[in-house]
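Everything on this sheet refers to the single structure shown next.
The values are calculated or read from the model by the stated rules, or taken from the named source; none is laboratory data. All values reported here derive from a predicted model rather than from experimental measurement. Cβ sites come from the backbone with ideal geometry, for glycine too, and all protein chains shown count toward neighbours.
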Amino acid sequence: MKITKICCIGAGYVGGPTMAVIAQKCPDIKVTVVDLNEARIAAWNDKDTNNIPIYEPGLAEVVAEARGRNLFFSTEVEKAIDEAEMIFISVNTPTKTYGSGKGMAADLKYIELCARQIARVSKSNKIVVEKSTLPVRTAEAIKNILDNTGNGVRFQILSNPEFLAEGTAVQDLLNPDRILIGGDTTEEGQNAINALVDVYANWVAKERILTTNLWSSELSKLTANAFLAQRVSSINALSELCEKTGADVSEVAKAIGMDSRIGPKFLKASVGFGGSCFQKDILNLVYIAKAYGLNEVADYWEQVIIMNDHQKRRFSHKIVTTLYNTVSGKKIAFLGWAFKKDTNDTRESAAIYVADDLINEQAELYVFDPKVAEGQILSDLNYLDSRTAEENKKQVTVAASPYEACKDAHAIAVLTEWDEFRDYDWKKIYDNMMKPAFVFDGRNILDAKQLTEMGFIYKGIGS
Ligand code: NAD
Ligand code: UDX
């Protein structure tokens, strides 16, 4: 079966970039990305592609090339479902905030709504592709809904998890390590798999397209994120030991990373991992393990989160203790708010939790991030519900430049590894700060030696 029309439900961080690249690479396929969020769709359709809702290097150019040709963004969900032969579900699957599984399980209500809508609207056979990250065996639930509430048409469900990382989404999509497609082992299932393989084969080498059964594919996505996050928590755990023993975590990471069995990537000690995926997906894995009564398995993976929470808290605690046990009334500058560089995404960013701790200690925060706007920073803090919005606004100022953020500050905390932070005029920053001038580099990106020579008291992670 040759696919000519694709619909993607969900125009977020995954749906938007993924579909833009499919459209760019498959000019013969009409790709329509739909979302209930009108403002988001309007932004994707903005005449100036620099105003699209997601900042990703290279994305504006891909959208500019394909949009209006074979890439469309729309709020007409039902029309797009009806037209398409293949429907990607790329909606959010956040951690549940209510009821059983609260704080752990994935909230699948948006997925179920999509399945019911697809069933209701479809008048021809469809391939439904799970692009969202889902608990293992979700395809079974989707199939039940589709088969029991549909109009007698046939559905095939595929699992095609997305492995892109934010900040490098376009590169990851253009040159993926692998594409994973899980499907039914029946002939019809294999035909559906092949139809999706053919879409990706327009630009991805066949050897990199891996096909499996549905459950292996669903579980591999949670597993990949758990392994990646575990590496960060492992090196962060060692960073604390380095600080006590005189070892330097960067040197330790290099030394172990040169072992080809370990490898050098994902060994950067930091203030803690953030992002919308790692914590959510591990909690989900822990929940699934517990649901099967596998308590030791659950405890093992939960430790990755416990370590990460500890690392964030340890960072704010270190700022307080180093500043003579009080930051009350002191100005602290935050460089960075995004959960990593080259994205405007702040979901679960370590900066939010460090800020919350320091506000509890009555610090006055001045935040500068090259891509995150004031409204987002305040709403991230308000979402924690630690205090009123007015109180947050009183304690937090969003600065227009790094120099403004750092002027008269007692300390600077680096929360995101934006490249531009290295190139600032650090002498000018030093001259305008309170003395002693402290830098807490939560990403180990600044030149410790140079800053120390200028007069800063520099504290990195793990040394
Ligand atoms: P997102 O919140 O940015 O986007 C989801 C979009 O779906 C929203 O715009 C929302 O309005 C829309 N939506 C929800 N229900 C809808 C419905 N019934 N009809 C139409 N639109 C609807 O989320 P995201 O970051 O793109 O993540 C989507 C999924 O992909 C999640 O399962 C996530 O775990 C997974 N994932 C995310 C990343 C990442 O880097 N962000 C990477 C890999 C996988
Ligand atoms: C992650 C996965 O990498 C990706 O495959 C999946 O599809 C979605 O989740 P993402 O969260 O976008 O991607 O970014 P990632 O590069 O994995 O970083 C996650 C967090 O870990 C960031 O806060 C980052 O700063 C932190 N990190 C990463 C470290 O602290 N040290 C490292 O060595 C690597």
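Quick look at the numbers
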quantity	calculated
Some residue of the stretch 150-171 being away from ligand 1 (no atom under 15 Å from the Cβ) and either more than 22 Å from LEU113 (Cα to Cα) or in the same structural domain as CYS277 (by TED's automatic domain parsing) (or both)	no
Selection status of ASP172, of a type outside the set (Ser, Thr, Tyr), buried (at least 17 other Cβ atoms within 10 Å of the Cβ) and without any contact (Cβ under 8 Å) to a residue 12 or more places away in the chain	yes
Filter result for the condition that a residue is of a type in the set (Ser, Thr, Tyr) and farther than 27 Å from GLU188 by Cα, over THR18, THR49, THR4, THR32	THR49
Residue match in the stretch 43-62 (condition: more than 16 Å from LEU196 (Cβ to Cβ), surrounded by fewer than 19 Cβ atoms within 10 Å (Cβ to Cβ), at pLDDT 95 or above and among the β-branched types (Val, Ile, Thr))	no
Positions within the stretch 79-94 being more than 10 Å from ligand 1 (Cβ to nearest atom) and surrounded by fewer than 22 Cβ atoms within 10 Å (Cβ to Cβ), in sequence order	LYS79, ASP82, GLU83, GLU85
Selection from the stretch 181-192 of residues that are β-branched (Val, Ile, Thr) and surrounded by fewer than 22 Cβ atoms within 10 Å (Cβ to Cβ)	THR185, THR186
Selection status of SER349, of a type in the set (S, T, N, Q) and either within 16 Å of ligand 1 (Cβ to nearest atom) or under 27 Å from GLU391 (Cα atoms) (or both)	yes
Residue in the stretch 203-213 that is at pLDDT 95 or above, within 14 Å of ligand 2 (Cβ to nearest atom) and among the acidic types (Asp, Glu) present	no
Single condition GLU56 does not satisfy, out of (1) over 26 Å from ILE145 (Cα atoms); (2) more than 18 Å from the chain's Cα centre (by Cα)	(2)
Residue that is surrounded by the most Cβ atoms within 10 Å (Cβ to Cβ) [pool: residues in the stretch 331-366 that are acidic (Asp, Glu) and not in a strand (DSSP E or B)]	ASP345
Failed item, numbered, when LYS143 is tested on (1) without any contact (Cβ under 8 Å) to a residue 40 or more places away in the chain; (2) charged (D, E, K, R); (3) within 12 Å of ligand 1 (Cβ to nearest atom)	(3)
Matching residues, the stretch 165-208, being of a type in the set (Lys, Arg) and in contact with a helix residue (DSSP H, G or I) (Cβ under 7 Å, 6 or more places away or on another chain)	ARG178
Among (1) part of a helix (DSSP H, G or I); (2) closer than 29 Å to GLU302 by Cα; (3) touching a residue at least 12 places away in the same chain (Cβ under 8 Å); (4) assigned by TED's automatic domain parsing to the domain that holds VAL62, the one test that TRP215 misses	(4)
Residue list for the stretch 266-296, filter: under 18 Å from GLU218 (Cα atoms), part of a loop (DSSP other than H, G, I, E, B), out of contact with any Lys or Arg (no Cβ under 8 Å at 6 or more places or on another chain) and within 15 Å of ligand 1 (Cβ to nearest atom)	CYS277
Test: residue in the stretch 128-136 that is buried (at least 20 other Cβ atoms within 10 Å of the Cβ), under 21 Å from PHE73 (Cβ atoms) and of a type in the set (Ser, Thr, Tyr)	yes
All positions within the stretch 423-460 that are surrounded by 13 or more Cβ atoms within 10 Å (Cβ to Cβ) and under 17 Å from LYS371 (Cβ atoms)	TYR424, ARG443, ILE445
Qualifying positions in the stretch 100-127 - under 21 Å from ALA195 (Cα atoms), among the small types (Gly, Ala, Ser) and exposed (fewer than 15 other Cβ atoms within 10 Å of the Cβ)	SER124
In the stretch 389-404, the residues that are aliphatic (A, V, I, L, M) and crowded, with 17+ Cβ neighbours inside 10 Å	VAL396, VAL398, ALA399
Count - residues of the stretch 252-288 that are more than 8 Å from ligand 2 (Cβ to nearest atom) and under 19 Å from ASP309 (Cβ atoms)	8
